[in-house]
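The values are calculated or read from the model by the stated rules, or taken from the named source; none is laboratory data. Note that this is a predicted model, so its numbers are computed, not measured. Cβ sites come from the backbone with ideal geometry, for glycine too, and all protein chains shown count toward neighbours.
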Amino acid sequence: MFGSLFLSIYSLITALIPVFITIILIIFAWKIWLYFIRISYISTIEWVNLEIRIPKEIHKSPLAMELVLNSMLQTYPGTWYHKYIKGIVRSWFSLELVSIEGSIHFFIRLPKIFKSYIESQIYSQYPQVEINEVPDYVDSIPSFVRGGEWSIFGSEIILNKPDPYPIKTYIDYGLDRAVGSLEEEEKVDPITPTLEFFGSIGPGEQIWTQILIRASMKKSPKKGSWFKKQDWKEQGKELIKEIKEPYKSEKDKFPETMTKETQEVINAIDRSISKPGFDCGIRVIYLAKKDNFQIINVPALLGIFKQYNSGNLNGFRPFGDTITAFDYPWQDIGGHRVDVRRRKMLDAYKLRSYFHPPYKREPFVLNTEELATIYHFPGKVSETPGFKRVESKKAEPPSNLPI
């Protein structure tokens, strides 16, 4: 009896093996196809680098930058034909803050097709800025090789907690209320410590930061479902429910009293998910010629986002697997692993690769308020010597000029 049952099961499995192999091969072929067509499409994108030169006076809060960022919420990759036959992917942008020997620059790298549109959105909020298309600054640094002219330290930056928990934003610092009510020197702008650090480096040194962004869409598995996915806003609503769960009243049981801190966390998450979100990836790099490398700049580089950290909410931290250093010498005998990390870090930065191969990563989500906090054009509150501003103001000619 058992022998015939075993033979029946064996025959069934043997008959199904070709089916399983066929399914696996189809899935594998599909993934290879998607990889090929997407890489082919990405290779055809023409990119431009815009440098934004800031005037001496900006009397706007980072809310103006929020409105600029809204123009980068490009969510439509096309129909199924465009996605799965032509390989078209969602557009992404790179917000970059760079110091070259103490001279600070704001850059935005974007597909050329968006150049005129993004320029118009920036001018609509900051009419006094100057926007110039410039060569890519990364081309001045060769690829990393051991024993080369340049030393490099870098890391990717990630969030401490799930995406719906917000970081400390410009609203928490009171910048939304400070416009028009405080003198420039009385304002507290969290980007100022970063600019001061960037302006302090000297000859033969550079600091690069890039914030890669694209419109966020559904990406995480939905609880209780095998195939459905949820976006970060739905995740935030689930998180609020979980936080509130212990405080629900039950029969014959007095509910716990919700603390003020817990209520503040719920309110912060609720406010965070009320705004549009971006998938994000952040990289920071410190480069210097061999004789100019200052080791003190390494911890300073890793700390440039600490002012946005909140103890009971969210914050930034270096991603350990990408840091171009090891804690103990036996972790990398011979130094080959750290060389590979340095080469990959520099190459990934230059390619602005994060959402797609060759350096695909898992992005986190920041809303427009959070992004505008860590990347915006500061007013006179920042008087860093290395931050060169536009000297003259733009103005319309008088209407009564003779022709």
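Out of 10, 35, one residue alone is among the aromatic types (Phe, Trp, Tyr), outside the structural domain of residue 212 (by TED's automatic domain parsing) and loosely packed, with under 13 Cβ neighbours inside 10 Å. It is 10. Only one of the numbered conditions (1) in contact with an Asp or Glu (Cβ under 9 Å, 6 or more places away or on another chain); (2) outside any loop (DSSP other than H, G, I, E, B) is violated by residue 37, and that is (1).
Taken over the range 38-63, the criterion of being farther than 23 Å from residue 134 by Cβ and either touching a residue at least 60 places away in the same chain (Cβ under 8 Å) or over 25 Å from the mean Cα position of the chain (by Cα) (or both) is satisfied by 38, 39, 57, 59, 60, 61, 62, 63. Take the residues in the range 352-382 that are modelled with pLDDT of 65 or more and farther than 26 Å from residue 276 by Cα, then tell me which one is surrounded by the fewest Cβ atoms within 10 Å (Cβ to Cβ). The selected residue is 358.
Kindly check whether there is at least one residue in the range 66-76 that is free of Cβ contacts under 8 Å to residues at least 60 places away in the same chain and more than 16 Å from residue 122 (Cα to Cα). So far as the range 66-76 goes, yes, one or more of its residues are free of Cβ contacts under 8 Å to residues at least 60 places away in the same chain and more than 16 Å from residue 122 (Cα to Cα). Taken over the range 58-84, the residue count meeting the criterion of being touching a helix residue (DSSP H, G or I) at 6+ places or on another chain (Cβ under 6 Å) and not charged (D, E, K, R) is 9. Residue pairs whose Cβ atoms lie under 6 Å apart, separated by 6 or more positions or on different chains, with the first residue in the range 157-175 and assigned to a strand (DSSP E or B) and the second surrounded by fewer than 19 Cβ atoms within 10 Å (Cβ to Cβ), are 158/319.
Here 351, 366 are screened, and the one residue that is in contact (Cβ under 8 Å) with a residue 24 or more places away in the chain and aliphatic (A, V, I, L, M) is 366.
For residues that are loosely packed, with under 14 Cβ neighbours inside 10 Å and of a type in the set (Ser, Thr, Tyr), scanning just the range 81-140, find the one that is nearest to residue 48 (Cα to Cα). Checking each candidate, the answer is 116.
Does the range 328-335 contain at least one residue that is modelled with pLDDT under 95, in contact with a Ser or Thr (Cβ under 9 Å, 6 or more places away or on another chain) and not in a strand (DSSP E or B)? Taking every residue of the range 328-335 in turn, none turns out to be modelled with pLDDT under 95, in contact with a Ser or Thr (Cβ under 9 Å, 6 or more places away or on another chain) and not in a strand (DSSP E or B).
Within the range 209-267, if we keep just the residues that are part of a helix (DSSP H, G or I) and aliphatic (A, V, I, L, M), the residue that is modelled with the lowest pLDDT turns out to be 243. For the range 340-347, state whether one or more residues are surrounded by fewer than 18 Cβ atoms within 10 Å (Cβ to Cβ), without any contact (Cβ under 8 Å) to a residue 40 or more places away in the chain and more than 30 Å from residue 217 (Cβ to Cβ). Checked against the condition, which is being surrounded by fewer than 18 Cβ atoms within 10 Å (Cβ to Cβ), without any contact (Cβ under 8 Å) to a residue 40 or more places away in the chain and more than 30 Å from residue 217 (Cβ to Cβ), the range 340-347 yields at least one hit.
Close contacts from the range 294-315, counting a first residue that is within 17 Å of residue 157 (Cβ to Cβ) and of a type in the set (D, E, K, R) and a second that is modelled with pLDDT of 90 or more and part of a loop (DSSP other than H, G, I, E, B), with Cβ to Cβ under 9 Å and a gap of 6+ residues or different chains, come to 306/315.
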